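Undergrad: First the structure, then my questions, so here it is.
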């Protein structure tokens, strides 16, 4: 006859686990991580705002989630690297985390691209999703200068078609003294170039 051995009850959580949680929330790096996430979220918010203003599917919420996710993965990769540097030689490739972010967000961006017989739509939105992940990863690694450069170039690039459309249709630039000028602050008509 078979008998089942008694399974010992799970040990109650030790105070060490709770102390570790408290230490993580009160450590000096916690404030740094909050700043990194907030900077990533702010940049993503603005890029997403531009996409939603252009009536594109990836809005501010989407961009913020992508950026803080990328920032979180980058920060976790950096933290793992820092934890394992205890004085011995470790063979770690910190760029591996970034490569996984790039490939994973690539799949997300591919979902934003729609192809029909005569046109492809969503390429700029897919690229905006991809660069938002890069901004988030840069913030997660604490590389604010890189994040700021990425944000500035992206924002100007995405706004270029709006600005170009407004300039071409303003009364000052087309010689009609504003008689039929479009309001530069309003959205362009459906036939306007889309970023």
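Bear in mind these aren't lab numbers, they're just calculated from the coordinates by the rules spelled out. Because the structure is predicted, anything quoted here is derived from the model rather than measured. Cβ: placed from backbone, ideal geometry, glycine included. Neighbour counts: every protein chain shown.
Undergrad: Test of understanding: what is the full-extension gain from residue 143 to residue 22, defined as 0.36 nm times their sequence separation minus their Cα-Cα distance?
TA: Full extension from residue 143 to residue 22 adds 40.9 nm.
Undergrad: Now for a separate question. For residue 121 and residue 95, what is the calculated FRET efficiency with R₀ set at 45 Å and r taken between the beta-carbons, to the nearest 0.05?
TA: 0.85
Undergrad: Still on this model: For 76, 37, 63, what's the fewest-to-most ordering of other Cβ within 10 Å of each Cβ?
TA: On the way: 76 13, 37 19, 63 30.
Listing 76, 37, 63 from fewest to most nearby Cβ atoms yields 76, 37, 63.
Undergrad: Tell me the label-point distance for the pair residue 107, residue 46, using the 7 Å Cα-to-Cβ offset, in nm and rounded to one decimal.
TA: Roughly 3.2 nm, to one decimal.
Undergrad: Same structure, new question: Highest mean first, how do 132-142, 40-50, 24-34, 151-161 rank when packing is the count of other Cβ atoms within 10 Å averaged over residues?
TA: Highest mean packing first, the order is 132-142, 40-50, 151-161, 24-34.
Undergrad: Also: Between residue 55 and residue 79, what length comes free when the chain is fully extended (0.36 nm per residue of separation minus the Cα-Cα distance, one decimal in nm)?
TA: Extending this stretch completely gives an extra 4.8 nm.
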